[in-house]
Structure formats: structure tokens, C-alpha cells
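S.K.: Following this message is one structure expressed as C-alpha cells.
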2 protein chains.
Amino acid sequence: MLRCIQCGHELKADPWVLSCPKCGGLLSSEIKEKPLAISWSLFRTRRFGVWRYKELLPRIKEPVTLGEGGTPLVKIGKKIWVKFEGANPTGSFKDRGMTVAVSLAKESGVKNVICASTGNTAASMAAYASRAGMRSFVVLPKGKVARGKLAQTALHGAIVIEIEGPFDLALDVVREIAGPDTGLYPLNSLNPWRIEGQKTLAYEVVDEIGVPDWIILPIGNAGNISAIWKGFLEMRKFGLIRRMPKLAGVQAEGAAPIARAFKEGRKEPLFTDNPKTIATAIRIGRPVNWAKAFKALRESQGVAEIVSDQEIIDAQRKLGRMGLGVEPASASSYAGYLKLLKGDVMGEEDRIVMIATGHALKDPDSSPPVESIRALNKEEAINKIKELIS
Amino acid sequence: MLRCIQCGHELKADPWVLSCPKCGGLLSSEIKEKPLAISWSLFRTRRFGVWRYKELLPRIKEPVTLGEGGTPLVKIGKKIWVKFEGANPTGSFKDRGMTVAVSLAKESGVKNVICASTGNTAASMAAYASRAGMRSFVVLPKGKVARGKLAQTALHGAIVIEIEGPFDLALDVVREIAGPDTGLYPLNSLNPWRIEGQKTLAYEVVDEIGVPDWIILPIGNAGNISAIWKGFLEMRKFGLIRRMPKLAGVQAEGAAPIARAFKEGRKEPLFTDNPKTIATAIRIGRPVNWAKAFKALRESQGVAEIVSDQEIIDAQRKLGRMGLGVEPASASSYAGYLKLLKGDVMGEEDRIVMIATGHALKDPDSSPPVESIRALNKEEAINKIKELIS
């Protein structure tokens, strides 16, 4: 069943209905009754990953899957973990939602899919669409997509449309052209079925370490924070957990429509038409899921934080020196954490999980330049290394 | 315990002893007695990944881990699977061996580690060394390492030495300079402890689908084929399996010292000092583990196959259209499969697993060029998409 998050209107689930027919609001999938006999021990009889929790996902006969989810939870401090979503098949958390939404689309006979993207959604959609035998169209903001992500869309055979302007304009194109009349099925995060897959990120964290005190994550289009909060709400509703975590949402200085407004106590975001940050994956000025994000931050008694590009890069380098290769947007979680630590929001006793949304390989140009030492032959190489270690 | 694979000499395990003190041969770690009470059901109580099988790995107090292994086994045909190693933390199967070898090195008080690499080993070592708080040195063949891998070594803080010449020369440098006197611990695949971690690839396949009839994999330095065969031998020895698979080793036309010799019935490889192939990860002319590879191919009643660069690229594109993003070296498994299918080696009833060793993001320049459609504004974008779907 689907429910409008604005007016509360309820309607039967239909893959093609993606906004409220009454008020145009965003829809959310609701599980009416507690699925029979779900428990952590049942889940744990299955492979760790998105489909481990299938009773809490839309019923699919044959999932279109690449083995998504089940990503590492890497301990980097006494009570601090990083959920490393870069280890998903296409290198980002987007695969969690895509396996669910593409599976549903396939069951409904969809042949063509479309999305606007800063890159990760495009790469993921292209991969899952090709696995399902569908054609995919991606609309990208020109010159603002990281190299690795572009290469992925090409490898998975997507048709790429580059538009002059920001991500939000690309999304306008999708909103306008997608629908049953064109047969183009939209796979942006306004699609409630992607959120269903993404909520498994919350299940997996609890599955491994129970409910943490804080979850820190970047906010771009705000689909992920909405999904994670939904996951926790459902777990509580169905008796899988008793307490709830607080959420900390992090945005980049030049693209902080939600974080800035939330910090100022506003009820609506401060949209911008010219978002700027090196963290391309969260370079979004008009987040579609802003209402869900505000709800998640408020209900969880959470906080928002704003970080500069320099803080993001510093955080990426620091994570790199702990063995974690993440793209800049992902590093904003850690940058936000370092900033929040200075205040009195988080305590030393708090158990904190940071979400690292995508792999460093997605954006190789954001890595520090390679400063190599040149050697013409074996002897020279050996001598230079000896100098370095002496 | 360690045993020389050449002269059979046995000695006590010591992280610093990496070749036979009697004859200089390669060493292999041997588990003398069956570990108590191991079983698939015991393993399955643990997180899917390398350390699930800890009774069969060196005893480590505190593993240096990034959550490696537990990679997707993606079904691409009725009885055909791809083991997608690109979903490891640094994007290749190398992480399996690195977690074990770096853990051991750390327990032994090692401060500096070194390796020669075509890129994936370097990226993995740099990540695990940084996680363990060690300094890492990587010796790379100049201009022959894929972009993503270079970026990773920089992000994880390795010191990079680029040498004029092939991989094999870089390995000579490591052989000469590593040792207890310099304190530089070598993490190339001559290191028997990396093989220990890599053998878990075989365990994971069996854990999910039992013993397949064939395993097809690329051969570079031949560490992986050695490791996988060792994994199967141990599973049989300890009663975890009854039958064995056959192995098919694939090399690129311009770097086929093992495959060419094996096909010709020779007992030794046909080394080359000028290996050439776009599959940089297997551009190796003098594979260190050749003897183990010959043994694995022979004992398993397996085959070797040679594929051209064009066949590799075609196979990479085909896998891309199935949703699997792999680097060229990994695609050689599939290229080899397509070639072997034409002969009478494999039958339609055979259950086949191909190993895809590394992620497409490792080498974005090997992806097809992005042929995008440009649009100046929303209307133009919409019109162009409408044309495409009509």
C-alpha cells in the first residue's frame, strides 16, 4: 500500500503511481500488517544483503540482483564504525534501491527506464537495467559528473543526455517525460520503491551491532536519510528493536538547502539554484525528498551540520589513511563527525555509525596527486628506497 | 608449518621466511591436523567473508580487516555464475590475501611493507598497511598502471616508486631489498600468507553452490590459481567436499607464458621479457607462482586458454551489458569461456564459475567512450529523448 506523506491519502501500490493523485505529494510504501514470523534469527539464515530482509520488501518473484548490500561495517574507533557502501556492486549505496525498483519495473513489463543523476544513480540504474534487459536513459548535469561514474554508464550501455545546468534541471526533464504514456519508467529517488531497498542499510547496521546512538550521513537529494529513518521506524513497529538512533545529516557549504534551514529552525529548506561543492554526489540545490529529511531529523531529535569543501577533502584523506577509500560526498559524514565532536551534541560514550555512500574509485580525480619517485633501473630504485627507510 | 613446494623441506612458520632456506623454492603453508569441529554449519554462524573460515587460516589475535570477501556470486546463465571480486573493499580479490598477510606482519611487529605491483596489489596493500598503521612502499612499472589504482595508492598514503621496465623488474627490486635487515616486509604473491587469504575464494563458492565442474580464471602472477586450488585440496582433505572442480586458466595473447607452455604440453613456462596486453593486471611475463599454477592445472585435469586483447574487450562489454562492471583482466575469464565453449572441453550440463578479479572502476579508461547527447535546455532534452524512444 502507498500513503502520501503530505495529505495522508492511501492507495493501492502501483509501480507507475509515483506521486499522490490528490495533492501531488511524495508517496511512501507502507507495510500494513506485521509480516508473519519475522525475526533476526530467520533473517540470519540467509545471505547478508538486501534480500535477507525480503519479508519487509515488496514481494518480487525473481529479483534483479547483483548481490547488493551486505557491505562492511568497519570499526575505526572504540565505539565508532563506518558502513562502507563503496563495496556494493556498482560502488555505491544506490544499488540497494535499484535492485528493488528495477525488479518491480521488470515485473510490470517496463522496457525503458530513465533517471536524472549526479552519477551514482546513473551507474547503478544502467547496471541493473542492463541485467534486466531494459534500455536506460540517464540525464546528467554537463561537466559535473565524476569520471568513474561516466565510464560506468557507458560500460552498462546507458544512453546519456548531458544538459547545461544543475542536477535539479536534469530532474525536471525526467519528471516531465517519464510516465505510462512514454513508457519511460523513472528511477529517481522520488520513486518510493528505491527507498524500500535503501532502508535495508538500517537493518544491516542493527543486524551487526544493534541500534547505535547516532547515524551520521550526507544529504544530497535526501533519499537516503528518508530511507534509513523509515527502516528504523519499521523495525520498531514490528518489534525488531526497542530504541531509536538519532540522525545527523551533513551537507556541503555550497549545497546546504536542508542543513542550513534546519539549523536555523525553519520548517522549509533554503533552496539554491546554483549548488557548488567538490562533492559532486551531493551537489543538489533542490532536494526532492526534503520533507522526509526534515521529518527524519526532527523525529529522531537529530542535528544537521554544514562542512566546507576543505573539511571534506581533509576527511577523505584521513579516512584514506585508515584504509577506507571513499568519494568526497561520503567523506562529508566523517567531516561532520569531526565538527560535531567539538560541540556537546555527541558524547564519548555514544556509539556512532557513519555512512560512507560511495567508493573512492568513483572519482579518481579527487584523490591526492600521485607523487612518485622515478627510477631508471633496479639499482637506482633500490638506492632510493634505502634512502627513504634509513 | 611451511613446506617447500620444490624439495619438500618442512620448517616452522615464520613471517620472515618466504622462500626455502635449502633450495630457494616457494613455500606453502600447511595445516597439519584437521582443525577441531569445523563444518559448514559452524562457518555459517559467522559473517560471510574471509574470516568466516578462520580455523583454516593462520591464527591471528586481532585481524587487520576491512570486511573483505563475501562477494556476490552472480548467476548469468542456467548453470553459470560470475564471482564478482570487484565488490571487495579496494575493488579486487587482492584484499583477501592482504588481510591475512598484513595481520601476521602486524603481529610480528613489522613497520614497513613493500610490494611490486601492476596496481591492484599496491592499492590493497596501501589500504591494509594504512589501516594497520604501517608505512608502505610500492614499486610499479612506469606508465603501465591503471588510473584508478594509482589514485588509490596515493589516497592510502603509499610511497610510490615508478621504474622503467615491466612488472617483473619491479618484483626483482622487491626480492632484493626486502628482508629482516632492511625491515621491509614483502607482500607480493610469493608471500605464502597472502595465498592463505586468497584460498577463501574457493570456500565461498562451495559455501554458496557446492563444488562446480569448472572454475575459469585469469592468470597473471599465478597466485590466485594456486590459492584456489589449495583451497579445494584442503576442503577435500578435511572432509568438507568430496569431488574436485577442473580449473581453466586464461592468459592474454601477449602475456601467456603459462598458458602457451601448458597448451604445448611443456613442463616449464615460456617466459617473456616484454609482456603486452591492455589487461594491465595480468601483464606479467615471468609469473612467480608458475610452478603452483602448472600443478593446479595438471592435478585438476584442467586446461589453459589464450585470448586476444580484442576478445578481452568484447567480453568486458558483454559483461557490462549484463550489469557486471569488470576490469579487462577480469573479462579474460569470460573471453576464455566463450572460446572454450566452441571446443569440446565444457559441456552444457557443466556448472561453471568464472572469477572476475577486479572492478571496472579500477580502469575507467578501458570503458567504452561516453557518447553523450547534448542538450542546452529542458525542451531540447525532452525532444531528443522523445525521438530516441519513438
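The values are calculated or read from the model by the stated rules, or taken from the named source; none is laboratory data. Predicted model, so just to flag it, every value in this text is computed and none were measured. Note: ideal-geometry Cβ built from the backbone for every residue, glycine included; neighbour counts use all protein chains shown. Heads up: the accessible areas ignore ligands, DNA and RNA and are worked out on the full protein's heavy atoms, side chains in. Shrake-Rupley method; radii C 1.70, N 1.55, O 1.52, S 1.80 Å.
S.K.: From the label point of A:Arg242, set 7 Å from Cα along Cα→Cβ, how far away are the matching label points in the other copies, in nm, ordered shortest to longest?
M.R.: Result, one decimal in nm: 4.9.
S.K.: Here's a follow-up. In square angstrom and rounded to 100, what buried accessible area do you get between chains A and B, total over both, with the probe at 1.4 Å?
M.R.: Roughly 6400 Å².
S.K.: Here is a further query. Can you list residues from other chains, or at least 5 along the same chain, whose modelled amide H is less than 5 Å from the amide H of B:Ala13?
M.R.: Residues meeting the amide H criterion: B:Leu2.
S.K.: Could I ask something else about it? Where does the Debye-calculated log10 I(q)/I(0) of the protein assembly as shown sit at q = 0.08, 0.09, 0.11 Å⁻¹, using only Cα point scatterers of equal weight, no solvent?
M.R.: Those come out to -0.62, -0.79, -1.19, one per q.
S.K.: Expected output is a single nm value to one decimal: the length gained when fully extending between A:Lys267 and A:Lys111, i.e. 0.36 nm times separation in residues minus the C-alpha distance. What is it?
M.R.: Taking A:Lys267 through A:Lys111 to full extension adds about 52.2 nm, to one decimal.
S.K.: Can you give me the relative contact order of chain B as a percent, contacts being Cα pairs under 8 Å and 6 or more apart?
M.R.: Across chain B, relative contact order equals 16 percent.
S.K.: Please list, in order along the range A:137-151, the HN-Hα scalar couplings obtained from phi with the Karplus expression 6.51 cos²θ - 1.76 cosθ + 1.60 (θ = phi - 60°), rounded to whole Hz, x for Gly and Pro.
M.R.: 10, 10, 10, 10, x, 4, x, 10, 10, 5, 3, x, 5, 4, 4
S.K.: Using a Gaussian network model of chain A whose springs link C-alpha atoms within less than 10 Å, name the residue from A:Asp14, A:Asp172, A:Asp181 with the highest mean-square fluctuation.
M.R.: Among A:Asp14, A:Asp172, A:Asp181, the largest mean-square fluctuation in the Gaussian network model of chain A belongs to A:Asp181.
S.K.: Explain nothing, just the number: relative contact order of the range A:1-77, from Cα pairs under 8 Å at least 6 residues apart, as a whole percent.
M.R.: Contact order relative to length: 22 percent.
S.K.: Further question on the same structure: Using a Cα-Cα cut-off of under 19 Å, which lysines could be cross-linked to A:Lys79, ignoring same-chain neighbours fewer than 8 residues away?
M.R.: A:Lys246, A:Lys318, A:Lys339, A:Lys342
S.K.: To continue, here is another question. Taking only the alpha-carbon positions of chain A and ignoring solvent, what does the Debye formula give for the base-10 log of I(q)/I(0) at q = 0.08, 0.09, 0.13 Å⁻¹?
M.R.: -0.39, -0.50, -1.03
S.K.: Quick one: among A:Pro364, A:Pro269, A:Pro287, which has the greatest mean-square fluctuation in a GNM of chain A with alpha-carbon springs under 10 angstrom?
M.R.: A:Pro364
S.K.: Compute the separation of the alpha-carbon centres of the range A:5-73 and the range A:282-357 and state it in Å as a whole number.
M.R.: The distance from the Cα centre of the range A:5-73 to that of the range A:282-357 comes to 26 Å.
S.K.: Could you go through the range B:304-317 in sequence order and give the Karplus-derived ³J(HN,Hα) for each residue, using 6.51 cos²θ - 1.76 cosθ + 1.60 with θ = phi - 60°, rounded to whole Hz, and x for Gly and Pro?
M.R.: My calculation for the range B:304-317 gives 10, 9, 10, 10, 7, 4, 5, 5, 5, 4, 4, 5, 4, 5 Hz in order.
S.K.: State, to one decimal in nm, how far the label point of A:Lys22 lies from the label point of B:Leu36, with both points 7 Å from Cα in the Cβ direction.
M.R.: 6.5 nm
S.K.: In the range A:160-204, what residues drop by 10 Å² or more of accessible area when the other protein chains are put back, versus the chain on its own? Use 1.4 Å, and skip ligands and nucleic acids.
M.R.: SASA drop of 10 Å² or more in the range A:160-204: A:Val160, A:Ile161, A:Glu162, A:Ile163, A:Glu164, A:Leu169, A:Asp172, A:Val173, A:Glu176, A:Ile177, A:Thr182, A:Leu184.
S.K.: May I pose another question? Using the 7 Å Cα-to-Cβ label point, sort the distances from B:Lys111 to its equivalents in the other copies shortest first and give them in nm to one decimal.
M.R.: 6.7
S.K.: Let me ask something additional. Scan around A:Gly285 for amide H atoms under 5 Å from its own, H built in the peptide plane at 1.01 Å from N, and keep only partners 5 or more places away or cross-chain.
M.R.: A:Asp168
S.K.: Here is a further query. Mark the label point 7 Å from the Cα of A:Glu349 along Cα→Cβ and return the residues of the range A:193-230 whose backbone N is within less than 16 Å of it.
M.R.: Zone members listed by number: A:212-214.
S.K.: Here is a further query. What 222 nm value per residue comes from the helices of chain A, counting each DSSP H run with n ≥ 4 as -39,500 (n - 2.57) and dividing by all residues, nearest 500 deg cm²/dmol?
M.R.: Computed ellipticity for chain A at 222 nm equals -10500 deg cm²/dmol.
S.K.: Can you tell me the FRET efficiency between B:Met1 and B:Glu208 if r is taken as the Cβ-Cβ distance and R0 is 30 Å, rounded to the nearest 0.05?
M.R.: That pair, B:Met1 with B:Glu208, gives E of 0.50.
S.K.: Can you spot the lysines whose alpha carbon is less than 16 Å from A:Lys12's alpha carbon? Ignore those fewer than 8 places along the same chain.
M.R.: Within reach: A:Lys22, A:Lys32.
S.K.: Let me ask another. Suppose every Lys and Arg Cβ carries +1 and every Asp and Glu Cβ carries -1, with no other charges. What dipole size does the range B:1-106 come out with about its Cα centre, to the nearest 20 debye?
M.R.: 440 debye
S.K.: Tell me the distances, shortest first, between A:Lys267 and the same position across the other copies, using label points 7 Å along Cα→Cβ, in nm to one decimal.
M.R.: When each copy's label point is compared with this one, the spacings are 8.7 nm.
S.K.: Within chain A, which cysteines find no other Cys whose Cβ is under 4.7 angstrom from their own?
M.R.: Lacking a cysteine Cβ partner under 4.7 Å: A:Cys115.
S.K.: Could I ask something else about it? Do you know which residues of the range B:109-144 lose at least 20 square angstrom of accessible area in the protein assembly compared with their chain on its own, with a 1.4 angstrom probe?
M.R.: The answer is B:Ser130, B:Arg131, B:Arg135, B:Phe137, B:Lys142.
S.K.: Go through B:Gly265, A:Val206, B:Gly91 and say which Cα lies farthest out towards the positive end of the charge dipole of the protein assembly as shown; charges sit on Cβ, +1 for Lys and Arg, -1 for Asp and Glu.
M.R.: A:Val206
S.K.: Leaving out ligands, DNA and RNA, and with a 1.4 Å probe, what % of the accessible surface on chain A is carbon or sulfur?
M.R.: Reported share for carbon and sulfur atoms: 48 percent.
S.K.: Which one, A:Thr280, A:Thr272, A:Thr99, has the greatest fluctuation when you compute a Gaussian network model over chain A with C-alpha springs under 10 angstrom?
M.R.: A:Thr272
S.K.: I've got another one for you. Assigning unit charges at the beta carbon (Lys, Arg +1; Asp, Glu -1) and nothing else, what dipole magnitude in debye, to the nearest 20, does the range A:169-243 show about its Cα centre?
M.R.: For the range A:169-243, the charge dipole is close to 340 debye.
S.K.: Here's another thing I want to ask about it. Would you work out the charge dipole size for the protein assembly as shown about its Cα centre, treating the Cβ of every Lys and Arg as +1 and the Cβ of every Asp and Glu as -1, and quote it to the nearest 20 debye?
M.R.: Taking the Cα centre of the protein assembly as shown as origin, the dipole is about 1720 debye.
S.K.: How high is the relative contact order of the range A:94-191, in percent, with contacts defined as C-alpha pairs under 8 Å that are six or more residues apart?
M.R.: That works out to 34 percent.
S.K.: Based on a Kirkwood Rh over C-alpha pairs, give the Stokes-Einstein translational diffusion coefficient of the range B:207-336 at 37 °C and viscosity 0.692 mPa s in µm²/s.
M.R.: Taking Rh from Cα pairs, D becomes 220 µm²/s.
S.K.: Skipping prolines and chain starts, which residues have an amide H placed within reach, meaning under 5 Å, of the one on A:Glu253, given they are 5 or more residues away or on another chain?
M.R.: The list, which skips near neighbours in sequence, is A:Val307, A:Ser308, A:Asp309.
S.K.: Evaluate E = 1/(1 + (r/R0)^6) for B:Asn274 and A:Ala13, where r is the Cβ-Cβ distance and R0 equals 60 Å; express this FRET efficiency to the nearest 0.05.
M.R.: Computed FRET efficiency for B:Asn274 and A:Ala13 comes out at 0.45.
S.K.: Using the Karplus curve 6.51 cos²θ - 1.76 cosθ + 1.60 with θ = phi - 60°, what ³J(HN,Hα) values do you get for each residue of the range A:106-121, in whole Hz, with x for Gly and Pro?
M.R.: Listing the rounded values in order: 5, 4, 8, x, 5, 10, 10, 10, 9, 8, 9, 7, 8, x, 5, 4 Hz.
S.K.: Okay, moving on. Could you provide, to the nearest whole Å², the per residue accessible area of chain A with probe 1.4 Å?
M.R.: Result: 36 Å² of accessible area for each residue.
S.K.: Tell me which B residue has its C-beta closest to the axis rotating B onto A, and the distance in Å?
M.R.: B:Leu361, 2
S.K.: Next question. Kindly sort B:Val173, A:Val288 by accessible area of their heavy atoms, largest first, with the probe set to 1.4 Å.
M.R.: These residues rank, largest area first, as A:Val288, B:Val173.
S.K.: Given the C-alpha centroids of the range A:132-174 and the range B:101-137, what is the distance between them in whole angstrom?
M.R.: 37 Å
S.K.: Here's a follow-up. For the range A:94-191, what's the radius of gyration and Dmax over Cα atoms, in angstrom?
M.R.: Looking at the range A:94-191, its Cα Rg and Dmax stand at 12.0, 35 Å.
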